[in-house]
1. Past 24 Å, Cα to Cα: identify those pairs from A:Lys169/A:Lys364; A:Lys169/A:Lys343; A:Lys365/A:Lys422; A:Lys180/A:Lys351; A:Lys180/A:Lys408; A:Lys382/A:Lys408, in the order given.
2. At 0.36 nm per residue, minus the direct Cα-Cα distance, what do A:Ala397 and A:His227 gain on full extension? Give it in nm, one decimal, please.
3. From zero outward in steps of 10 Å, how is the percent of C-alpha pairs of the protein assembly as shown spread across the bins?
4. Roughly how many debye, to the nearest 20, is the charge dipole of segment B:26-156 about its Cα centre, given +1 on each Lys and Arg Cβ, -1 on each Asp and Glu Cβ, and no other charges?
5. Peptides B:91-102, A:125-136, B:230-241, A:20-31: what's the order by average Cβ count within 10 Å, highest mean first?
6. So what's the net charge close to B:Leu134: Lys and Arg +1, Asp and Glu -1, counting the other residues with Cβ under 11 Å from its Cβ?
7. Take every Cα pair under 8 Å in chain B that's 6+ residues apart, average their separations, divide by the length, and report that relative contact order as a whole percent.
8. May I ask for the longest run of chain B untouched by GluC sites (Glu not before Pro) that are loop-located per DSSP and have at most 15 neighbouring C-beta atoms (other than their own) within 10 Å?
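Just so you know, all these numbers are worked out from the coordinates, no wet-lab data involved. Bear in mind that the values here come from a model prediction, so they are computed numbers and not experimental data. Every residue, glycine among them, receives a Cβ derived from its backbone with ideal geometry; neighbour counts consider all protein chains shown.
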Amino acid sequence: MSLQGLSQADSEAEVRRQLEAVTAPHESSRQARPDAARRLHNDGERIYKDFNIQPFHKYLWRNEQRGKNVASYPSAWVGALLHLEERELELLEALRDDGVQYEPGSPRVEHPALEEIWEETPLRAKTLEWVAADDGYRTGKKAKGSTTVDCFTAGGTDLQIYGEPGSGKTTLAEFVALTKQQLNNETVIWADSLDSSLTSERCEWVLYAPYTTVAVPAHVDVEVTVHPKAPGVSSFRVELEEIVRDVLEYESPLDLVRQLEPGQFYVTYPDPTFAGCEDVSSFAYHSPGVVDRDAEGAPNSVTPPNHWWFAFWAARVTHDEFLHWTTLLLDEAGNLLDPDASKDEHQTYQKLVWFMEKFADARKKGVSLDTMTHAITEIHEKTRRKQRRWLTMNGTAPPLGKTLPGEKTCPMKIDYTTDMDKGEAQVWTTKNYASINWPNLKRGVRLDAEIDVSFSVPGVDA
Amino acid sequence: MTNQERELKGDGGLEELEHGFRWGDVDELLADLPDGSDLRPAIPALTRDQRELIARLVDGFADRRAFLEWAQDAVVLTLGELGGSWVRSRAFTGVDMSVLLTGPERAQWAPDDDPLPPRAAKRVRLGVASLDVLPACVDAHRHLRWSATEYTNQDGDGEGVQEVPDPTSQRHPAMRPALTEIDEKQGWALRSLLDGFRSEDAVLAWFQVLNEAAYAEVPGELATRVLVEEPDTLALLVTANGDPREGRFFRESFAAEYILPAFARAAREVSDRAGEQASDETRTDHSPIRYK
């Protein structure tokens, strides 16, 4: 990189140049061209290469060589990222019994039963090969009769990621997304949050832009503003289409579900008008148009836009319109799953209870919920009862010796995480744990600016 | 160390002194221990450290200072059960010092300047170890036994036992980092005292660190006595203007009288509340290799 590239962009033209480089779309994948006739690769097979990191199965194998618990206790981390159907579990058991071998040097798989999967999703096939290639001596202290495939249950999963700001949660979320796309060709939905002025400030997904479809409500106006970091350079507007690969407009939560593509990454904004929400979810959603403090019988306040996610959950989980592996990445999850939820005029508490009751169905329908909070207690207790997997970020202590909701405890006896560095964390279930790490995702391009996305409902004061 | 003859063990193990701890025999005995995993590794980790402590006692000490430095380790490793009054008595009793020390000083301590022959002295040290030190070790274990963490099998879905820390490579006494913390501070405080200070200001600063090292077990008025009320005491602590012969002896006595008892109380208090943490010296940590 020339020395020119080291100094901060200090004009609008330079920032625009950077923006173009950062957001240049990846056009040759199946997700970019869903209607292409011939077979194309999936985004998940490219994104990790773009960030110059190794495939996940290689990481597992290299750690297994050194006896690291991320590989020897796979139910902690591998179970969070790799999703399997019931019939795939059976296949893996058969492969294991057949003595299948994992060949680290070759990207191809040997066993004929994996060939078909390899044709469609080669990295998934290779990872399955690693999972099955266990002669009983990988997991635990050589506990005979317990192998990697035994650590999996079919269906979607849940993960609560918690830690202080600055511990690297955003990078981790991106890593989780690209790894799930790599392993499951998963459809990942990044639930970006809107504040009360319907703005999402300092969008954090910009490095992922070449692979991103932004999903926005159809009848709401969107404005994208670029704020260069250099002092003296004024902010400027761009079109949403300029900074992402695709823009999708949805009329209702169900309409969005119908438009979802397997293997695609979506940054999704909720609809503050709640169009179509009451069709899928029988709770109250008060849009700006119906609120009137003075009229009798009318609601007093606008329902927070985040409630739209309850309706989306209903659309995805209770209607069988899209059954492909789907992960909902919910940042600041405490805003939606509020510990102080009450039976207010928005039926917040009732929605939350219903949301959790659908958790088991969600797993069966291939839906995974990955939540992010600052502290482990920031989510409503009812939700926490159903939680099966946690991730304690570096710099945060795990709840050693404490009883979690649902009579659960963490299996660790020692605090590993408080002294960990950025880029490290510990994942755990009630039975097992593993220390993990992830790379600092860089693509060799840089943007010396922040981006805001803001919405306004036509005909209503903002 | 001392001016005695040494025999290095053939396989490079701990050195055996001619009239010292017979590591060879001990290792042979311990080699036969059953090989099961230790569910409470803090306990065997402490036993290991205590064994070395006893060995050093049986080997004897070059001079009184070496004994006091050993005593500081001992109060930590016995979790304060080997207390200040025991240390004080030994440090001030002639015949005790003449037996515990192996260097030329021992003659001065002995009654009629006639110390016991080395072999007999060793036998007495062995007696001291078993009469005084071993029971303190046992008492330490009694305090530790139920607060030491048990790393049990995970039953159920058969994913096997998570790693039990290896007791032979733990860094912290009884696997409690808080004990390492006070051990290091106490060791520093003791050495600084025995070396002498360059000025009164240094003495004042030292008292502050001493307070941390002894977890506030040193009585507050000691600093006042030293710095304000007893100029003769202060003169013997500060060596900038010369260190008279009795200075060294005085500082050692000061340590035995006031400092080591406070250290023992501190070790006791800290070990009661300290949290356990595995830290294998060989660092078989779980950190995965860098994700590149």
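1. Numbers: A:Lys169/A:Lys364 27 Å; A:Lys169/A:Lys343 32 Å; A:Lys365/A:Lys422 34 Å; A:Lys180/A:Lys351 28 Å; A:Lys180/A:Lys408 27 Å; A:Lys382/A:Lys408 13 Å.
From A:Lys169/A:Lys364; A:Lys169/A:Lys343; A:Lys365/A:Lys422; A:Lys180/A:Lys351; A:Lys180/A:Lys408; A:Lys382/A:Lys408, over 24 Å: A:Lys169/A:Lys364; A:Lys169/A:Lys343; A:Lys365/A:Lys422; A:Lys180/A:Lys351; A:Lys180/A:Lys408.
2. Details: separation 170, 0.36 × 170 = 61.20 nm, distance 3.61 nm.
This chain segment gains 57.6 nm when fully extended.
3. 2, 12, 18, 18, 14, 12, 11, 8, 4, 1, 0
4. Numbers: 15 positive and 21 negative charges, 75 e Å.
Roughly 360 debye, rounded to the nearest 20.
5. On the way: B:91-102: 18.6, A:125-136: 22.2, B:230-241: 14.3, A:20-31: 16.2.
Peptide ranking by packing, descending: A:125-136, B:91-102, A:20-31, B:230-241.
6. On the way: positive: B:Arg51; negative: B:Glu81, B:Asp132, B:Asp139.
Here the charged neighbours net out to -2.
7. Numbers: 388 pairs, mean separation 72.5, N = 292.
Relative contact order for chain B comes out at 25 percent.
8. Values: sites that count: B:Glu5, B:Glu15, B:Glu18, B:Glu150, B:Glu281.
That gives B:19-149 as the longest site-free run.
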